[in-house]
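Enquirer: Shown below is the structure under consideration.
Read-outs throughout are calculated quantities, based only on the coordinates presented, and are distinct from any laboratory measurement. Remember, predicted model here, so these are calculated numbers, not experimental data. A quick note on method: Cβ atoms are made from the backbone with ideal geometry, for glycine too, and the neighbour counts reach across all protein chains shown.
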Amino acid sequence: MRCPKCKAPREGYGRWCHACGYAGGDIRRALLWTALPTLLIGVVLGAQIVHQQLSRRGSSRNEYSNAIEIQDRAGRSAAFAQLMRDAGQTCVSTTKSLFRGDIGTNATWALRCKDSGDWLVLIASNGATRVASCGPLDKAGTPCWTRL
């Protein structure tokens, strides 16, 4: 059998030409069958990202933080008070809260509990929380009541 491109003899198991590298196919057809599915996947993923951005409520990339943020003041105070009690701290209700911003996908909040003072709360993207008192943080040069 001879190569249709360079007319060199092709022998053995493989169908590609050792002389010119011809593999016996239409490159445009091969690109069409790889480019079209890739383009379709890109369009679908892009549409999903746009839909998520448009349907997101709240100012955080963290869905747990957004669920707290979209509540009214009383609901937010109750949610943060429960969060503090779950963390082992005493907090009857919050009198002030500030969404400080996101650190990656983690949301950071500053809270003022009526009975235990100021706290910094980090809400992870999986819903786990970390709580720290603002007193030592302020002394270390990390003010609680500023945006990130």
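Enquirer: Please state which one of G88, G75 is surrounded by fewer than 10 Cβ atoms within 10 Å (Cβ to Cβ) and of a type in the set (G, A, S).
Expert: Result: G88 is the single residue among G88, G75 that is surrounded by fewer than 10 Cβ atoms within 10 Å (Cβ to Cβ) and of a type in the set (G, A, S).
Listed here are the residues, each with its yes/no results for (1) in contact (Cβ under 8 Å) with a residue 60 or more places away in the chain; (2) assigned to a helix (DSSP H, G or I); (3) in contact with a helix residue (DSSP H, G or I) (Cβ under 6 Å, 6 or more places away or on another chain).
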position	(1), (2), (3)
L39	no, yes, no
V44	no, yes, no
H51	no, yes, no
N66	no, yes, no
A79	no, yes, yes
G127	yes, no, yes
L137	no, yes, no
P143	no, no, no
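Enquirer: (1) touching a residue at least 24 places away in the same chain (Cβ under 8 Å); (2) part of a strand (DSSP E or B): which one isn't true of T95, the others all being true?
Expert: The number of the failed condition is (1).
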